[in-house]
1. Might you let me know whether the stretch 282-292 holds any residue that is surrounded by 19 or more Cβ atoms within 10 Å (Cβ to Cβ) and more than 17 Å from Phe55 (Cβ to Cβ)?
2. Restricting attention to the stretch 71-87, report how many residues are in contact with a strand residue (DSSP E or B) (Cβ under 6 Å, 6 or more places away or on another chain) and either among the polar types (S, T, N, Q) or at pLDDT below 95 (or both).
3. May I ask you to list pairs of residues, at least six apart or on different chains, whose Cβ atoms are under 9 Å apart, with the first in the stretch 322-350 being over 14 Å from Ala179 (Cα atoms) and the second being among the basic types (Lys, Arg)?
4. Yes or no: the stretch 245-267 includes at least one residue that is basic (Lys, Arg) and over 30 Å from Trp154 (Cβ atoms).
5. Identify, by number, the condition in (1) in the same structural domain as Lys335 (by TED's automatic domain parsing); (2) of a type outside the set (S, T, N, Q); (3) under 27 Å from Asp329 (Cβ atoms) that Val119 doesn't meet.
6. Output the helices (runs of 4 or more DSSP H) that fall wholly within the stretch 43-145 and possess 2 or more residues being free of Cβ contacts under 8 Å to residues at least 60 places away in the same chain and loosely packed, with under 14 Cβ neighbours inside 10 Å, or say none.
7. With the requirement that a residue be surrounded by fewer than 24 Cβ atoms within 10 Å (Cβ to Cβ) and part of a helix (DSSP H, G or I), what does the stretch 166-183 give you?
8. Quick one: which residue in Val306, Val293 is part of a loop (DSSP other than H, G, I, E, B) and of a type in the set (A, V, I, L, M)?
Amino acid sequence: MPRNRVPLAVALALLAVPALSACGSSADSDAKAVTVYSADGLKGENGDGWYDEVFADFEKQTGIKVKYVEGGSGEMVQRVVRERSNPQADVLVTLPPFIQQAAGKGLLQKYTPAGADRVAGAGKAADSTWTSVVNNYFGFVYNKKELKQPPKTWDELLGARYENKLQYSTPGVAGDGTAVLIKAFQDFGGKERALAYLKRLQANNVGPSASTGKLAPKVDKGELLVANGDVQMNHAQTKTMPNLGIWFPAGPGGKPTTFALPYAAGLVTKAPHSANGKKLLDFMLAREQQKKVSSIGGGFAARGDVEATDANAVALARLMDGVEVFEPDWTDIEKNLSAYVEDWKSATGS
């Protein structure tokens, strides 16, 4: 073979070099980006939510573009699972028990954001896989125009007045939907009694909903009288939904109850823009952003050293007055979640 003739294999290899370089330049052009998969509730209906302002400030200060994908907590975790071999998200934000589920599946890498030392122990993972960025509580909403007073107990929801006027998001798919199960287990003193009640409630239930955020507008318009939700999201929605009221069902004991349901964030394992994800987590937990949680987002700061005194903070404190807050056994729930959801499906025929 003459020395000036290039073997076919070598020629093909040389031709491949520009293609590889092109791929590299494409990745470089996307380097100033960070992708967030999040449960709904922190982004405003009209671009006026906590996420809207925080992401805009982050982009302005860092030049890093935030790409945002929203859905139910369970839906977002399942999407990360499907993309495990080729991760697309950098930051995952979900409600419990899905954040624990994500960590248990190895979907989150260890990272301690700046300011995490100011977050209470229950608001972060012991192994540093996730940290709460906005505190929150589970609740229900009702239409204030149609109902002079909210229902006081779970049993009231069984009445004929709520037939096809009640809906709650799907357990196992939506974080707030799963919260319905958790609160019912607590209020009724166990799984069996809770499922027996939810079986009866199904007669009034409109049907499944993958996203809790879509229910509040229906309540505000009167299409529904009652739906599940959470305090932060629903309080923020009252700015544009004047007929929306927040309430907490009482169990057989007669006292309204709730539990903490924070928005918890973690860095996705093998995130394509891991460094940018870390910067965003630091930014969301910084004091300046945490001070805006109540005034803009209608929620509760995750940092214990941030004391809000704005009008929203005062209204939220008044709303929570007299409501008993219990702490679920998240270890048990994360371990048995799939079984609990299947039990709920069997009981309700869903």
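1. The answer is no; no qualifying residue exists.
2. The total comes to 1.
3. That search, which allows pairs on different chains as well, returns Gly322/Lys255; Val323/Lys255; Glu324/Lys255; Asp343/Lys191; Ala347/Lys199; Thr348/Lys199; Gly349/Lys199.
4. no
5. Of the numbered conditions (1) in the same structural domain as Lys335 (by TED's automatic domain parsing); (2) of a type outside the set (S, T, N, Q); (3) under 27 Å from Asp329 (Cβ atoms), the odd one out for Val119 is (1).
6. 50-62, 73-82
7. Within the stretch 166-183, Val180, Leu181, Ile182 qualify.
8. Matching residue, one of Val306, Val293: Val306.
The values are calculated or read from the model by the stated rules, or taken from the named source; none is laboratory data. Note that the structure is predicted; figures quoted are calculated from it, not measured. Using ideal geometry, Cβ is built from the backbone for each residue, glycine included, and neighbour counts are taken over all protein chains shown.
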